[in-house]
1. For residue B:145, which of the numbered conditions (1) of a type in the set (Gly, Ala, Ser); (2) more than 9 Å from every other protein chain (Cβ to nearest Cβ); (3) surrounded by fewer than 24 Cβ atoms within 10 Å (Cβ to Cβ); (4) touching a residue at least 12 places away in the same chain (Cβ under 8 Å) fails to hold?
2. Would you mind telling me which numbered condition in (1) part of a loop (DSSP other than H, G, I, E, B); (2) surrounded by fewer than 19 Cβ atoms within 10 Å (Cβ to Cβ) residue B:194 fails?
3. Looking only at strands (runs of 3 or more DSSP E) that lie completely in the stretch B:4-116, which have at least 1 residues being within 8 Å of chain A (Cβ to nearest Cβ) and out of contact with any Leu (no Cβ under 7 Å at 6 or more places or on another chain)?
4. Identify, please: which residue in the stretch A:21-79 is in contact with a helix residue (DSSP H, G or I) (Cβ under 8 Å, 6 or more places away or on another chain) and β-branched (Val, Ile, Thr) and is, among those, farthest from residue A:96 (Cα to Cα)?
5. Only residues that are more than 8 Å from every other protein chain (Cβ to nearest Cβ) and among the aliphatic types (A, V, I, L, M): list them for the stretch B:117-134, please.
6. Between B:162, B:199, B:176, which is surrounded by 24 or more Cβ atoms within 10 Å (Cβ to Cβ), of a type in the set (A, V, I, L, M) and closer than 29 Å to residue A:68 by Cβ?
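Computed from the coordinates by the stated procedures, all read-outs in this text should not be read as laboratory data. These figures come from a predicted structure and were not determined experimentally. Cβ: placed from backbone, ideal geometry, glycine included. Neighbour counts: every protein chain shown.
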Protein chains: 2
Amino acid sequence: MMGPNFARTFGGHPMKLYHAANSGNAFKARLLLSLLGLEHEIVDVKLAAGDNRTDAFLALNPRGQIPVLVDGDRVIWDSQAILVYLARRHGGEDWLPLDADGMTEVMQWLAVAENELLFGLARARAVLLFDRAWNYEQCKTLGEAGLQVLEAHLADRDWLAVDRPTIADIACYPYVALAPEGNISLSPYAAVQAWIGRVQGLPGYVDMVGITRQ
Amino acid sequence: MMGPNFARTFGGHPMKLYHAANSGNAFKARLLLSLLGLEHEIVDVKLAAGDNRTDAFLALNPRGQIPVLVDGDRVIWDSQAILVYLARRHGGEDWLPLDADGMTEVMQWLAVAENELLFGLARARAVLLFDRAWNYEQCKTLGEAGLQVLEAHLADRDWLAVDRPTIADIACYPYVALAPEGNISLSPYAAVQAWIGRVQGLPGYVDMVGITRQ
């Protein structure tokens, strides 16, 4: 695995990541870029100022969300699609296996990331941190259901899929590690905490504000 | 493309799909099985009776959700993971291209399906049909944002990704076509309606209760 000190450029145009420092979704993309040792430029999008609702931004991403990745003439929106793109184009099969069984395993955890973790853990955090109007208790219940599934799965495994780090781990990691910011404790989830430590030990790991190093 | 009249079996063990007739997520799996002409057995899971919370079912799927697909000794939970599995194992690259650009395009729409469509359109429908306690207006707003993105994208395209029907279409189709059951009208979305008609015209298409043939 290449660390960030061995950055590669492609035709002199580093990739550009539209990003916000407090977004777990944006962090997924930034983390995999770093783990892959890919040079990239960060474009800070000020969500509170409505930078993501301008015509220019909506031309990049009609959903008005970060992250967006620009790689030459390619524009990729959606955090999970960006993980798939980076893994497929720049990561061989290391981060996303192509065989049916391996890819299916990875996809199962991408679905958990977009479901229990995003609409549970991330929304609970958004209620407390960004004053969003979601029902906190409903989000917490959904998020904790996700943590229980992760805990049981990780009880006898190091990584979520195919016995090695993949984009399944990268997709699930940020909002799990940020759960305490949504007042959801990770104390009952020892296997999840150990897995968080393993992710943080990957060569090229970068920090995100709100996530404590173990 | 093989229709359902040319069903294939694998070693004499048809696949088994744990399914509920009113679930759009379960329908995604059933629809692709039919489009691929794959013989399968339907196991009806009575959600109202708690069939999905039994120990036996949770051993199949720790998330307690349908659909679940059993293919020989493989157990696959999650509707999107099942689509990926069927496409990879039984569909060549027809339904899920393996090149980075094509796969990324498909993944973008799987993300929309799991986000705006599932937590918007499907939840709005679940409030009205199944008395779920979600905030209807929040779900409707999110779902309509998804429909607007689909409408703009389909204005000059027949299919969501790579100019042919893929699992992107299968993932997005059910909860879009079911939106009127959530009191969300499709009248403002002419391109979406035309796309619904194209999906229904695919050889092997099967009906779902609640979805009207155009």
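1. That leaves (2) as the condition not met.
2. Answer for residue B:194: the failing condition is (1).
3. On the way: elements: B:15-19, B:40-44, B:68-71, B:74-77.
Here the list reads B:74-77.
4. This residue is A:45.
5. Looking only at the stretch B:117-134, we keep the residues that are more than 8 Å from every other protein chain (Cβ to nearest Cβ), and these are B:117, B:120-132.
Hits for the stretch B:117-134 are B:117, B:121, B:122, B:124, B:126, B:127, B:128, B:129.
6. Numbers: B:162 fails: surrounded by 24 or more Cβ atoms within 10 Å (Cβ to Cβ); B:199 fails: surrounded by 24 or more Cβ atoms within 10 Å (Cβ to Cβ).
Selected residue: B:176, the only one of B:162, B:199, B:176 that is surrounded by 24 or more Cβ atoms within 10 Å (Cβ to Cβ), of a type in the set (A, V, I, L, M) and closer than 29 Å to residue A:68 by Cβ.
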